[in-house]
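Notes for the one structure printed next.
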Protein chains: 2
Amino acid sequence: MTTPPEQTVADLGEHALIERIRARVPAAPSWVALGMGDDAAVIEPARNRAEVVTTDALVEGVHFDRAYVPPAAIGHKALAVNLSDLAAMGAEPRAALLSIVLPGAMSVADFDGMMGGWFALASRYEVALVGGNIARSPGPLVLDVTAIGSVKPRRALTRRGARPGDGIYVSGTVGAAAAGRFARRSGAGGADAREAGGEGLAACEARFLQPDPRVRLGLLLGRTAVASSCVDLSDGFADAVRQVAAGSQVGAEIDGDAVPIPDAARRWFEERERLDAFEAAVSGGEDYELLFTVPARRQRALTAVLRLAGGLACTRVGTVTADRTLVVVRRGARTPLAGGFAHFR
Amino acid sequence: MTTPPEQTVADLGEHALIERIRARVPAAPSWVALGMGDDAAVIEPARNRAEVVTTDALVEGVHFDRAYVPPAAIGHKALAVNLSDLAAMGAEPRAALLSIVLPGAMSVADFDGMMGGWFALASRYEVALVGGNIARSPGPLVLDVTAIGSVKPRRALTRRGARPGDGIYVSGTVGAAAAGRFARRSGAGGADAREAGGEGLAACEARFLQPDPRVRLGLLLGRTAVASSCVDLSDGFADAVRQVAAGSQVGAEIDGDAVPIPDAARRWFEERERLDAFEAAVSGGEDYELLFTVPARRQRALTAVLRLAGGLACTRVGTVTADRTLVVVRRGARTPLAGGFAHFR
């Protein structure tokens, strides 16, 4: 599959590109009755499971810029953001469909790199690529993905189950992806990043470029019924709190001092961007962590879940309230929760 | 839902647009455990059925031009092309996900018109909209759809089952959509079309703008096991023959004089475009008819199927051959089958 570096995807054409992808698709699991290559794929549903389906797109110039996001990260991320949605439902990923709207001038090497990022993540979570589409783009590169997972009936995690008194938890850290995006955009990536922000900033960049969806944590929270609600941090921490509150018709009191913002991200927001680090962190999207609520009687079970979740830190960041306002307490001061990442405007 | 005519989708923003769509979603069928509005949808698979999934995108400037394709046709077509893929598998449509990449300058009236076209077709085939996404586009409008259907295990129609001696059939007509596209592009739409090409050309335009996917025919061909293979005419008649031949490792002899090209399309190709009408018709994409093969012993059963298919004409256009070439016989002369609609180049 080596090609001259200057060869473009338009030189190859749709059929050759599809063949290039098919050549990399691993042997299909037994439940794929018919994979890529027909008008549609045929898959057998998982026994005694409901199906969980989601779609999300990455658009060049809106969600990423090829100047500072390498091809492998684009392919990785297109799948990761959808697996993150499945994780937030407590679902086990099974299959995905990938629709690519592709500028003809993209090099075949970049196309291969992009698909390499996809397949590396797909293989980690055993996600079968069962269908797709390639269309020419007269403008930006668009990767549109539908992911399909399975969940035990009535064990799906939703935004609706939070009750007053439940603890509010977040996995990993908050604001890392936003800081990583700023750093990549400013050109302080790679070796520079280590000088400017140390290893912590490199981790923020990795979280921005190749977020690891919290699949295992989501599965455990759903199967054990430890979480009463769950949502992912695609549009930021503040937006996630708002979604759970709206879905469950409750409010929240967030302990702002407990929100786990990485030191390197905090420094970048304050020193380089002259931003309030807390506001920047909770408003910045793309963390792809999970925000979930846990009833008091399930908090001991949570400890067991976290042991099984492979060392992923989860932090209690607040409490669900009956009063339907969203409040942050920082150094004793109560303020309304602001922020939220607007994809469209 | 009335808005000032000049209001744009960017004025409204992502959340308001999603609410606008949700307000139009009909009551969900009982198998939709959780519809739009969470990280993902939860659906119960149909009992004793395999699942059929497909994805296809419509890209502005590639598959349509807003100068001559009205908003309702765009919404209709985005769903229709996916239902056509399900029909070609013999599957019954159930659900769809719609991902829209949307230029901010699009008017809210056009957005509503587009969704009106979607919902009209979705209601005709009882397709539940269970998820979606809206992202901003810095360039073209893109509608990316995933459709989900169900089929009895081992009753899915594929491209693999054609055997030498099987008859080759096509539903409806061939070349209508291409002629309709030419006519719309030349500005001869609407009242002009009736003058230039009569009612026949208006029908070609309708086939181009609002193709009716052959859902019922596909279902009947699959359930009765009348067809040995099936494919839709998304990329044209010639390409469809090629797909079945390649998938089944057979050849085909096409009776060129039997291919049902509408008179109005033939006239438009010859008089306006100075094209060979047959070549133009079999190369033109977007007919969204079904091409299928029927073993000799099932041809009587086919007659019964066609009676049930609601008056949709199907025409025998050739025979599957063991010799793996693709031949057209026109007025006694044998030539190789050319053509095929290239989406990408």
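A short reminder: the numbers here are calculations on the coordinates, not readings from a lab. Source: prediction; values computed, not measured. No Cβ is skipped: glycine too gets one built from the backbone with ideal geometry, and neighbour counts run over all protein chains shown.
Bin width 10 Å, alpha-carbon pairs only: give the P(r) of segment B:251-345 as whole percents, running from 0 to the bin holding the largest distance.
All Cα pairs considered, the percentages come to 13, 40, 35, 12, 1.
Quick one: A:152, B:77, fewest Cβ neighbours within 10 Å first, how do they rank?
Neighbour counts put them in this order, fewest first: A:152, B:77.
Once you have a ≥ b ≥ c as the square roots of the Cα gyration tensor eigenvalues for segment B:43-179, tell me rounded if a/c is under 1.5, and otherwise prolate or oblate according to whether a/b is larger than b/c.
Oblate is the answer for segment B:43-179, as a/c is 1.5 or above yet b/c matches or exceeds a/b.
Quick check: convex hull over the Cα atoms of segment B:112-155, volume per residue in Å³, rounded to an integer?
Per residue, the Cα convex hull of segment B:112-155 comes to 118 Å³.
Once you sort the root eigenvalues of the Cα gyration tensor of segment A:112-225 as a ≥ b ≥ c, which label holds: rounded (a/c under 1.5), prolate (a/b larger than b/c) or oblate (the other case)?
Cα axes put segment A:112-225 in the oblate bin.
Every other copy gets compared here: list the nm distances from the residue B:338 label point (7 Å along Cα to Cβ) to its counterparts, shortest first, one decimal.
6.6
Over segment B:99-152, calculate the relative contact order: mean separation of alpha carbon pairs under 8 Å at least 6 apart, over the residue count, as a percent.
Over segment B:99-152, the number comes to 67 percent.
Once R0 is set to 51 Å, what does the formula 1/(1 + (r/R0)^6) return for the Cβ-Cβ distance between residue A:308 and residue A:273, expressed as a FRET efficiency to the nearest 0.05?
0.85
Round to the nearest 0.05 the FRET efficiency obtained for residue A:31 and residue A:246 when R0 = 41 Å and r is the Cβ-Cβ distance.
For R0 = 41 Å, the calculated efficiency reads 0.70.
For segment B:88-240, what's the relative contact order in percent, using C-alpha pairs closer than 8 Å and at least 6 residues apart?
The normalised contact order for segment B:88-240 reaches 33 percent.
Please arrange A:170, B:259 by counting, for each residue, the other beta carbons lying within 10 Å of its beta carbon, fewest first.
B:259, A:170
If each DSSP helix of 4+ residues adds -39,500 (n - 2.57) and the sum is divided by the residues in the protein assembly as shown, what number results at 222 nm, nearest 500 deg cm²/dmol?
After summing the helix terms and dividing by the residues of the protein assembly as shown, the value is -10500 deg cm²/dmol.
Explain nothing, just compute: Karplus ³J(HN,Hα) = 6.51 cos²θ - 1.76 cosθ + 1.60, θ = phi - 60°, for every residue of segment A:92-105 in order, whole Hz, x for Gly and Pro.
8, x, 10, 9, 8, 10, 10, 10, 10, 10, 10, x, x, 7
Say a label goes 7 Å from Cα toward Cβ at residue A:312 in every copy; what distances in nm does this one have to the rest, shortest first?
So the label point of residue A:312 gives 4.5 nm to the other copies.
Hey, with R₀ at 22 Å, roughly what FRET efficiency would residue B:23 and residue A:338 work out to, going by the Cβ-Cβ distance, to 0.05?
After rounding, the FRET efficiency stands at 0.20.
Just need the relative contact order of segment B:1-74 here, percent rounded to a whole number, with Cα pairs under 8 Å and 6+ apart.
Answer for segment B:1-74 is 12 percent.
Assigning unit charges at the beta carbon (Lys, Arg +1; Asp, Glu -1) and nothing else, what dipole magnitude in debye, to the nearest 20, does chain A show about its Cα centre?
1520
Stretch residue A:154-residue A:185 to full length: gain in nm at 0.36 nm per residue minus the Cα-Cα span?
6.9 nm
May I ask you to list the aspartates and glutamates whose Cα is less than 20 Å away from that of residue B:152, ignoring any residue fewer than eight positions away on the same chain?
Qualifying aspartates and glutamates at Cα under 20 Å: A:38, A:39, A:44, A:51, B:44, B:51, B:85, B:92, B:126, B:232.
Within 10 Å of each residue's Cβ, count the other Cβ atoms and sort A:314, B:230 from fewest upward.
Placing the least packed residue first, the sequence is A:314, B:230.
Going by the alpha-carbon gyration tensor, a ≥ b ≥ c the square roots of its eigenvalues, is segment A:1-112 rounded (a/c under 1.5) or, if a/c is not under 1.5, prolate (a/b greater than b/c) versus oblate?
It is oblate, given that a/c is not under 1.5 and a/b is not larger than b/c.
On the rotation axis linking copies B and A, which residue of B comes nearest by its Cβ, and by how many whole Å?
Closest Cβ to the B-to-A rotation axis, residue and whole-Å distance: B:139, 1.
Residues in segment B:113-146 near a label at residue B:6, defined as backbone nitrogen under 19 Å from the 7 Å Cα→Cβ point?
Nothing falls inside the zone, counting backbone N under 19 Å.
If N is the number of residues in chain A, what value comes out of its Cα radius of gyration divided by 2.2 N^0.38 Å?
Against the compact-globule rule of thumb, the ratio is 1.02.
Provide an ascending nm list, one decimal, of label-point separations from residue B:223 to the equivalent residue in each further copy; define each label point as 7 Å from Cα along Cα→Cβ.
Spelled out, the distances from residue B:223's label point are 4.0 nm.
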